[in-house]
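Single-structure report; data block below.
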Amino acid sequence: MTIGQGAYKTTQFLEKSQGDIEFLSVSSYDEMEKRATAWEISMTILEEARRFGYAKYDSFESFDCISLEMPDFHNIMISHGSVIIYLEKGRAFFFTSQKQRVMELLEECAKNLGERVSLNRIIYLFFEAQTKGDYEIFDTIEKEIMDLEQLLITTQSHNCVGEIINLRKRLMILKRYYEQFLNVLDVLGENENGIFDGKTLRSFKMLDRRTERRFQSVLNLRDSVTQLRESYEAEVDINLNKTMKVFTVVTTIFLPLTLIAGWYGMNFNMPEYGWEHGYLFVSFVSVIFIAAGIFFFKKNKWF
């Protein structure tokens, strides 16, 4: 498989077993209108596919149009750009925001195939490459969840809100990506225009099953983050309850003193005012109330 040096940057190869020349082209979005006119491709369909984002598969009367987002699994919050694949039987046109990357990826796919290179296999390997490296991010997210769980157990004051929100965002992006990628594989498996041969369709079915397992892994991780959030909220509630308990106990202990202060704060001529030991008596009673309250709460392990 070789990359031509012309303006179209096309890739061509010969399928020797059948004697049919198959054609593959890679163009940037800036070149899309010019190439669409030259190859009689509907610009409206290409623009609609470009606006969609993530993954979408449209099957028309004699061709298929696929839009794919190329994720960066090392940093899922960004992507490697998008690509539109216009497919006819024996011909494939790639339009992308990352032309060099797509060309290098296609060349790598063809190199891996060696003498067994064919258009169908290259397209399959290109699809397969869109999920490579995702197990690494699964391991990373799982480790982050376990570390946060450990922090919740050992460090009561640790604030996990920011980490939990970040995990939920990344998992939401992965979930949405795999949902739409699975939809593409489902429609592709129908092969309405007979573009793919039986062997390639079987490969796509295996890719569909692997992607389904990846999607399930994302759902499991999302459930783990949900449980982590609930554990954190429960820990916050427990700490809040402990604080409120302390305030309640303190308030209850000093409530009799409030009553005494209110009682002797009334503007009446009380007999106790003339007693020379009245102040000491009230002070002694107040200390007794405080000691009794502390003893009672300690005995019942409320404080």
Item to check | Positive-end extreme of charge dipole, the chain - chosen from 76, 188, 165 (charges on Cβ) | outcome: 165
Checklist entry - For the chain, what does -39500 (n - 2.57) per DSSP helix run (n ≥ 4), summed and divided by total residues, give at 222 nm, in deg cm²/dmol to the nearest 500? => result -21000 deg cm²/dmol
Checklist entry - Rounded to the nearest 10 Å², what accessible area does residue 58 show when all protein chains are kept and the probe is 1.4 Å? => result 50
Checklist entry - Roughly how many nanometres apart are two label points built 7 Å out from the Cα toward the Cβ at residue 111 and residue 48? => result 3.8
Checklist entry - Residues in the stretch 141-180 near a label at residue 242, defined as backbone nitrogen under 20 Å from the 7 Å Cα→Cβ point? => result 148-161
Next on the checklist: If the reach is capped at under 23 angstrom between alpha carbons, list the lysines near residue 143, excluding any in the same chain fewer than eight residues apart.
Outcome noted: 132, 169, 175
Next on the checklist: What does the extension gain come out to for residue 128 and residue 175, with contour length at 0.36 nm per residue minus their alpha carbon separation?
Outcome noted: 15.2 nm
Checklist entry - Relative to the first principal axis of the alpha-carbon coordinates of the chain, what is the inclination of helix 198-264, with its axis defined by its Cα atoms, in degrees from 0 to 90 and to the nearest 10? => result 10
Next on the checklist: Here are a few candidate values for Cα extents along the principal axes in Å: (i) 60, 39, 38; (ii) 121, 34, 33; (iii) 81, 37, 27. Which one was actually calculated from the structure I just gave you?
Outcome noted: (ii)
Checklist entry - Under the definition of Cα pairs under 8 Å and six or more residues apart, what whole-number percent is the relative contact order of the stretch 150-303? => result 25
Checklist entry - Which angle from 0 to 90°, rounded to the nearest 10, does the C-alpha axis of helix 43-52 make with the longest principal axis of the chain? => result 20
Checklist entry - With a ≥ b ≥ c the root eigenvalues of the C-alpha gyration tensor of the stretch 147-234, is it rounded (a/c under 1.5), prolate (a/b larger than b/c) or oblate? => result prolate
Item to check | Label-point gap, in nm, between residue 226 and residue 89 - each point 7 angstrom along Cα→Cβ | outcome: 4.7
Checklist outcome for this item: Toy charge model, Lys and Arg Cβ at +1, Asp and Glu Cβ at -1: the chain dipole around Cα centroid in debye, rounded to 20, equals 700
Item to check | Residue order for 206, 172, 270 - accessible surface, 1.4 angstrom probe, largest first | outcome: 172, 206, 270
Checklist outcome for this item: Simple SL model, points at 7 angstrom along Cα→Cβ for residue 285 and residue 168; separation in nm is 5.5
Checklist outcome for this item: The relative contact order of the chain, taking Cα pairs under 8 Å that sit 6 or more residues apart, comes to a percentage of 14
Checklist entry - Residue farthest toward the positive end of the dipole of the chain, with Cβ of Lys/Arg at +1 and Asp/Glu at -1: which of 60, 41, 178? => result 178
Checklist entry - Convex hull over the Cα atoms of the stretch 202-303, averaged projected area in nm²? => result 10.5
Next on the checklist: Can you give me the angle between helix 161-190 and the longest principal axis of the chain, using Cα atoms only, in degrees from 0 to 90, rounded to the nearest 10?
Outcome noted: 30
Next on the checklist: Could you identify which residue out of 191, 220, 269 has the top mean-square fluctuation in a GNM of the chain using Cα springs shorter than 10 Å?
Outcome noted: 269
Checklist outcome for this item: For the stretch 230-303, listing trypsin sites (Lys or Arg not before Pro) in a DSSP loop whose Cβ sees at most 12 other Cβ atoms within 10 Å gives 301
Checklist outcome for this item: Charge dipole of the stretch 207-303 built from unit charges on the beta carbon (Lys, Arg +1; Asp, Glu -1), centred at mean Cα; most positive-end Cα among 278, 247, 261 is 247
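The values are calculated or read from the model by the stated rules, or taken from the named source; none is laboratory data. Just so you know, these numbers come straight off a predicted model, no measurement behind them. Please note: Cβ atoms are built from the backbone with ideal geometry, for glycine as well, and neighbour counts cover all protein chains shown. Heads up: the accessible areas ignore ligands, DNA and RNA and are worked out on the full protein's heavy atoms, side chains in. Shrake-Rupley method; radii C 1.70, N 1.55, O 1.52, S 1.80 Å.
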